[in-house]
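Structure record follows, encoded as structure tokens.
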Amino acid sequence: MNLPANETRFLADAAALAREIPNGACIGLPPDYSPVAMEVVRALIRRGAKDLKLLGVPVLGLCADLLIGAGCVREVETSAVTLGEAGLAPRFTDAVEKGTLKVIDATCPMIHTGLQATEKGVPFMPLRGVLGSDLVKHHPDWKTIDNPYAQGDPILLAQAIVPDVALFHARWADEAGNVWVGRRGELATIAHASKACYVSYEEFKKGDMLEDELLAPGCIGSVYVTAVASAPRGAWPLGVPGAYGIDDAHLLHYARLAKTADGFRRYLDEFVFKTVAA
């Protein structure tokens, strides 16, 4: 079906969103403190997704650890992979130690600036904050030039980043296909920069949120949203501001189990391959 460029498709469920994401795709993912499309992540694992590259905007957490442990990921580019107060991301750590995962060390400023370059339709953007870091020495693709307007003033260039897919969860989607993410600006950046954007949502709102002066500033317009699907509590065990918080006890339970391959498999059997009431 040919759709207008700004018409969002409404899919049946999180599994339908997961089927839209091809093997080998580069997926831009938010940190655990932004709404993460955890039910879509579980659906990707059930589908047997392969060869994915995960881009942390700017860091990765539980969703990445699950996908890595399940064998869905070939590469990550991120500033960190962590479970926060629950400690290290055990399946990520194991994969790095065994050399089965390619890791591209990034920084928060480089990732955000690269995505912002794509937003603005330019091949790169300048920044300063990373200059002086050892990372610059180990990234031959990071270019440092002289400021053309001042002598002796080096400036670093961040190449534009274009993920194949943006994937996240939203509090609301409306009839027009807009999604509301509140103050989570990194979600808008991922959506603007990516070739396709897939969003699961908590609740459906009638009408058009862009016509509401209070809701419009926190909306991502339908022109940037490829498809949405209803997924109540779809961020669990992570949280959605204003709806429910992070399930800290569950994260600690995961961190303990996932320290071993057998424990991780037991976790998948109980919480991914079976239908679980959060």
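The values are calculated or read from the model by the stated rules, or taken from the named source; none is laboratory data. From a predicted model like this one, the values you see are computed outputs, not experimental measurements. Virtual Cβ from ideal backbone geometry, glycine too; neighbours counted across all protein chains shown. Just the protein is used for accessible areas: all its heavy atoms, side chains included, with ligands, DNA and RNA removed. Shrake-Rupley method; radii C 1.70, N 1.55, O 1.52, S 1.80 Å.
Okay, residues lined up against (1) modelled with pLDDT of 95 or more; (2) aliphatic (A, V, I, L, M); (3) surrounded by fewer than 24 Cβ atoms within 10 Å (Cβ to Cβ):
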| position | (1), (2), (3) |
| --- | --- |
| A15 | yes, yes, yes |
| G28 | yes, no, no |
| G48 | yes, no, yes |
| V73 | yes, yes, no |
| F92 | yes, no, no |
| G99 | yes, no, yes |
| D105 | no, no, yes |
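All of R266, R184 fail the test of being at pLDDT below 95 and charged (D, E, K, R), apart from R184.
For segment 174-192, the candidate set comprises residues that are among the hydrophobic types (A, V, I, L, M, F, W, C) and under 12 Å from the mean Cα position of the chain (by Cα); within that set, the residue that is surrounded by the most Cβ atoms within 10 Å (Cβ to Cβ) is I190.
Residue-wise test of (1) touching a strand residue (DSSP E or B) at 6+ places or on another chain (Cβ under 9 Å); (2) within 17 Å of K102 (Cα to Cα).
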position	(1), (2)
R9	yes, no
C26	yes, yes
D32	yes, no
R42	no, no
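Filtering segment 222-240 to residues that are out of contact with any Ser or Thr (no Cβ under 8 Å at 6 or more places or on another chain), within 29 Å of K120 (Cα to Cα) and surrounded by fewer than 19 Cβ atoms within 10 Å (Cβ to Cβ) leaves only V223.
Filter segment 164-173 down to residues that are open to solvent by 10 Å² or more (accessible area, probe 1.4 Å) and touching a residue at least 60 places away in the same chain (Cβ under 8 Å) and give me whichever is nearest to C219 (Cα to Cα). It would help to see each step written out before you state the result.
The initial filter retains those residues of segment 164-173 that are open to solvent by 10 Å² or more (accessible area, probe 1.4 Å), namely 164, 171-172.
Retained after the next criterion (residues that are touching a residue at least 60 places away in the same chain (Cβ under 8 Å)): 164, 171.
Numbers: D164: 21, R171: 10 Å.
Once the filter is applied, the top-ranked residue is R171.
Going by the conditions given, is I161 open to solvent by less than 40 Å² (accessible area, probe 1.4 Å), touching a residue at least 60 places away in the same chain (Cβ under 8 Å) and within 22 Å of the chain's Cα centre (by Cα)? Let's see the steps before the verdict.
Numbers: open to solvent by less than 40 Å² (accessible area, probe 1.4 Å): yes; touching a residue at least 60 places away in the same chain (Cβ under 8 Å): yes; within 22 Å of the chain's Cα centre (by Cα): yes.
Here the answer is yes, as I161 does meet what is asked.
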